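> Dumping the structure here so I can ask a few things about it.
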Amino acid sequence: VRQTSLELKAFRFAIENSDNTIVITDANRNIQYANEAFERNSGYMKDEVIGKNPNILKSNLHSEEFYREMNEILDRGEKWQGEFVNKRKDGVLFYEKASISPIIVNGELVQYLAIKLNVTEYIKTQQRLQQSAAVYEMIADGIVIADSEKNILSANPSFIHMFGYTEEELVGNDITIINSSDQGGTLYRKIWAKLLVKDHWRGKMDNLTKNGKHITVLLAVAIVRDAKRDIQNYIATYTNLEEIIEMEEKANFLAYYDTLTKLPNRAYVERELDDIFELARAEEKRVAILFIDLDRFKVINDSLGHHIGDGMLVILAERLKKVVGVRNLLARFGGDEFVVVMSEVNDKREISLLAEKILMTVRGMITVKDYHLNTTASIGIALFPDDGNSMNVIVKYADGAMYYAKDKGKDNYQFYTRALSIDIQTRLELEQKLLYALERNELYMQYHPQYDLQSRQICGVEALVRWYNLELGTISPEKFIPIAEETGMIVKIGYFVFEKACKAYMDWKKEGIELEWVAINLSSIQFRQKDLLENFVAIIEKSGISPHNLEMEITERCMMEYTEENLYILGGFREMGCSVSIDDFGTGYSSMSYLKKLSIDKIKIDKSFVDDLPSDKNDQEVSRAIIALSHSLGYQVIAEGIEIKEQEDFLREHACDYGQGYYFGRPLDSDALIKFVKDL
């Protein structure tokens, strides 16, 4: 009895202090006993689980089939062995290797004994090893493991692919087998020296592939030491930088070069100009900025297509590179804008000479896919440090001078001047105030009478928009209309003019005044609005005016920029019953083919040809030719700018149909026009 008692005590001590979880259940599998290892592994205290089923630890990661098969084995009185993924009280998963045995006394099942070993760390270690092995095999970086003597033990597939050696050729060889010949081993000796101190090294270097190709890699080497701090292994990781370097070069190109012309872009110029100015300041030299804008490029681009426009830009870029030379910087700022930076300027004659060469180069015929194209350029020039000391100021002044060159008739160059700066400032002020002119009711309408030259009876009016600002006073349309077109404000202003003109016409009709038409000017910018026609139709329907009483005036520029969309809009106006006239005829680049293609009703002789009638013989010939040509094509003719009787007599004598000018009547507001007509 004493011996048995000692054995039982020893057995109990072993169970209580075992590293294994030991659980005893009754025949119904409710827990009767659990040791301290159970508490440590499950997080439950013994008192919390006594009388409960062990399924309180279920993680629900095993299938029902798993538990069904386990219970069938135990029901047969057989021992079950396997692994559980269980859940602790705090919800953390843990792994157990288990053995569950039925306890049978006198042929009767009385209890179950479960002995479980927590294998969580082992499982996680195995998972990490598997993951590491997968990374080793699949990673894009080359990895080499060498022994303490630097002899290669293994190399992963990426290393083999990167350097072209087979694993058999690598294993047993010194790790420096891929050392680049031009380094002569010096770098590797430095690497080993640093490794012995810090146990790791990282840096960029050249390596040699089996076929003799040099590749740039990022090398990271680490030492693995054992418990005694003796070197056990070297692990080297090689990242191929060729793709990264190539991507950096591509990114740098995309950031600082124009993809179409391959010229430097605006960002490149802005990056370089500070250094160029700094050097010029130190050497007391001048720097010239030539801002180049192509004239009428948009006409070509919109009418013939962007692929033709792009082809033209590529050819021009090549021509400009030859003219500008390697000493100067040529860049494309975007669209049809180019910039030349002359970093060593002695006098303005050099700049003028280069500007003349650029203008001559741009004038040359350009052939793109069987299209023979011509264009010109406007160039603005500003100097550092004469005109300013910062990049932004110099570029702004050159840009302003370029617009001045356009105003002077295009195909020329202009130097920036202080007076021009004042004009630019005035223009900016006008632009800012124009943005709010509609909201502040500063725009208003006047109507210029148009009359039959034979009967001198008023037939219609031209609707004219006017602007009065409290600070600036009355601003001429010649000043604010170009700004409105450049800023896009002309679209809103255009709808304002159209709506006001339609309403005014209906007011005149109520007063018993029946005019044949009200002529309304359309900007080429308005034609870019896809819903222009629909919006005009809505205004017409709202006002109640008949489309037959509307005349749409378009400029020669708008006619020259005709596209399928423009033709559709003009056709839509004519289908409604509106008439179409060409304004300022003779001042642009009209061709006879365009006159025949476009459905128009009236040609308007520009004021510049009427001013010197009848004394100027050239103006006589031009006016007669326009009248004869128009009549031959079935168009009526109206002359604007008639200010004296002799001009009217000449035009009447040569069969001009209609006239407009101060000699007959000045532009009037709506009420004044009513009185003017009634007093005739």
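> How many of the residues making up the stretch 284-322 are more than 22 Å from L353 (Cβ to Cβ), charged (D, E, K, R) and part of a helix (DSSP H, G or I)?
Qualifying residue count, the stretch 284-322: 3.
> Inside the stretch 525-547, can you point out the residues that are part of a loop (DSSP other than H, G, I, E, B) and open to solvent by 10 Å² or more (accessible area, probe 1.4 Å)? Full working, then the answer.
Let us first name the residues in the stretch 525-547 that are part of a loop (DSSP other than H, G, I, E, B), namely 525, 529-531, 544-546.
Those that are part of a loop (DSSP other than H, G, I, E, B) and open to solvent by 10 Å² or more (accessible area, probe 1.4 Å): I525, Q529, K530, D531, G544, S546.
> Go through (1) outside any helix (DSSP H, G or I); (2) closer than 11 Å to V287 by Cα; (3) touching a residue at least 60 places away in the same chain (Cβ under 8 Å) one by one and return the number of the condition G388 breaks.
Answer for G388: the failing condition is (3).
> So is V197 out of contact with any helix residue (DSSP H, G or I) (no Cβ under 9 Å at 6 or more places or on another chain) and at pLDDT 80 or above or not?
yes
> If you check every pair at least six apart or on different chains, which have Cβ atoms under 8 Å apart with a residue in the stretch 435-450 that is within 30 Å of K602 (Cβ to Cβ) and touching a residue at least 40 places away in the same chain (Cβ under 8 Å) first and a residue that is open to solvent by 50 Å² or more (accessible area, probe 1.4 Å) and assigned to a strand (DSSP E or B) second?
Y444/Y468
> What is the residue count in the stretch 125-139 for residues that are under 42 Å from the mean Cα position of the chain (by Cα), of a type in the set (V, I, T) and part of a helix (DSSP H, G or I)? Spell out how you get there, then give the answer.
As a first pass, look at the stretch 125-139 and keep what is under 42 Å from the mean Cα position of the chain (by Cα): 131-132, 134-139.
If we keep only those that are of a type in the set (V, I, T) too, we end up with 135, 139.
From what is left, the residues that are part of a helix (DSSP H, G or I) are 135.
Final tally of qualifying residues: 1.
> Which numbered condition trips up V340, out of (1) more than 24 Å from A267 (Cβ to Cβ); (2) of a type outside the set (G, A, S); (3) under 30 Å from the mean Cα position of the chain (by Cα); (4) open to solvent by less than 30 Å² (accessible area, probe 1.4 Å)?
Of the numbered conditions (1) more than 24 Å from A267 (Cβ to Cβ); (2) of a type outside the set (G, A, S); (3) under 30 Å from the mean Cα position of the chain (by Cα); (4) open to solvent by less than 30 Å² (accessible area, probe 1.4 Å), the odd one out for V340 is (1).
> Is one or more of the residues making up the stretch 82-92 under 56 Å from the mean Cα position of the chain (by Cα) and more than 19 Å from E39 (Cβ to Cβ)?
yes
> Does I215 meet the test of being assigned to a helix (DSSP H, G or I), open to solvent by less than 60 Å² (accessible area, probe 1.4 Å) and β-branched (V, I, T)? If you could, list the steps in order and put the result at the bottom.
Working: assigned to a helix (DSSP H, G or I): no; open to solvent by less than 60 Å² (accessible area, probe 1.4 Å): yes; β-branched (V, I, T): yes.
For I215, the condition - assigned to a helix (DSSP H, G or I), open to solvent by less than 60 Å² (accessible area, probe 1.4 Å) and β-branched (V, I, T) - is not met.
> Let me ask something else. Restricting attention to the stretch 277-331, and to residues there that are touching a residue at least 60 places away in the same chain (Cβ under 8 Å) and among the small types (G, A, S), which single residue is most open to solvent (accessible area, probe 1.4 Å)?
That would be S303.
> Ok, one more. For A639, only one of the following conditions fails: (1) on the phi > 0 side of the Ramachandran plot; (2) surrounded by 20 or more Cβ atoms within 10 Å (Cβ to Cβ); (3) among the aliphatic types (A, V, I, L, M). What is its number?
(1)
> Could you tell me which numbered condition A628 fails, if it satisfies all but one of (1) in a loop (DSSP other than H, G, I, E, B); (2) of a type in the set (A, V, I, L, M, F, W, C); (3) free of Cβ contacts under 8 Å to residues at least 24 places away in the same chain?
With (1) in a loop (DSSP other than H, G, I, E, B); (2) of a type in the set (A, V, I, L, M, F, W, C); (3) free of Cβ contacts under 8 Å to residues at least 24 places away in the same chain applied to A628, the lone miss is (1).
> A further question on this structure: Go through the stretch 1-112 and tell me which helices (runs of 4 or more DSSP H), entirely inside it, have 3 or more residues that are over 25 Å from T125 (Cβ atoms), open to solvent by 60 Å² or more (accessible area, probe 1.4 Å) and of a type in the set (K, R).
On the way: elements: 2-16, 36-42, 46-49, 64-75.
Of the helices (runs of 4 or more DSSP H) lying wholly inside the stretch 1-112, those with at least 3 residues that are over 25 Å from T125 (Cβ atoms), open to solvent by 60 Å² or more (accessible area, probe 1.4 Å) and of a type in the set (K, R) span 2-16.
> Quick one: which of L129, L117 is at pLDDT below 90 and surrounded by 14 or more Cβ atoms within 10 Å (Cβ to Cβ)?
Values: L129 fails: surrounded by 14 or more Cβ atoms within 10 Å (Cβ to Cβ).
Of the residues listed, the single one that is at pLDDT below 90 and surrounded by 14 or more Cβ atoms within 10 Å (Cβ to Cβ) is L117.
> If you take the residues in the stretch 370-385 that are part of a loop (DSSP other than H, G, I, E, B) and modelled with pLDDT of 85 or more, which one is most open to solvent (accessible area, probe 1.4 Å)? Working first, answer last.
First pass over the stretch 370-385, keeping only residues part of a loop (DSSP other than H, G, I, E, B): 370, 374-375, 385.
Cutting the leftovers down to modelled with pLDDT of 85 or more gives us 375, 385.
Details: T375: 8, P385: 63 Å².
Per the stated criteria, the residue is P385.
> Name the residue that is farthest from F338 (Cα to Cα), counting only residues in the stretch 401-439 that are in contact with a Leu (Cβ under 9 Å, 6 or more places away or on another chain) and outside any helix (DSSP H, G or I).
Among those residues, the one meeting the criterion is A437.
The values are calculated or read from the model by the stated rules, or taken from the named source; none is laboratory data. Since this is a predicted model, take the numbers as computed values, not measurements. Neighbour counts are summed over all protein chains in view; Cβ atoms, including those assigned to glycine, are modelled from backbone coordinates with ideal geometry. With ligands, DNA and RNA removed, areas are computed over all heavy atoms of the protein, side chains included. Shrake-Rupley method; radii C 1.70, N 1.55, O 1.52, S 1.80 Å.
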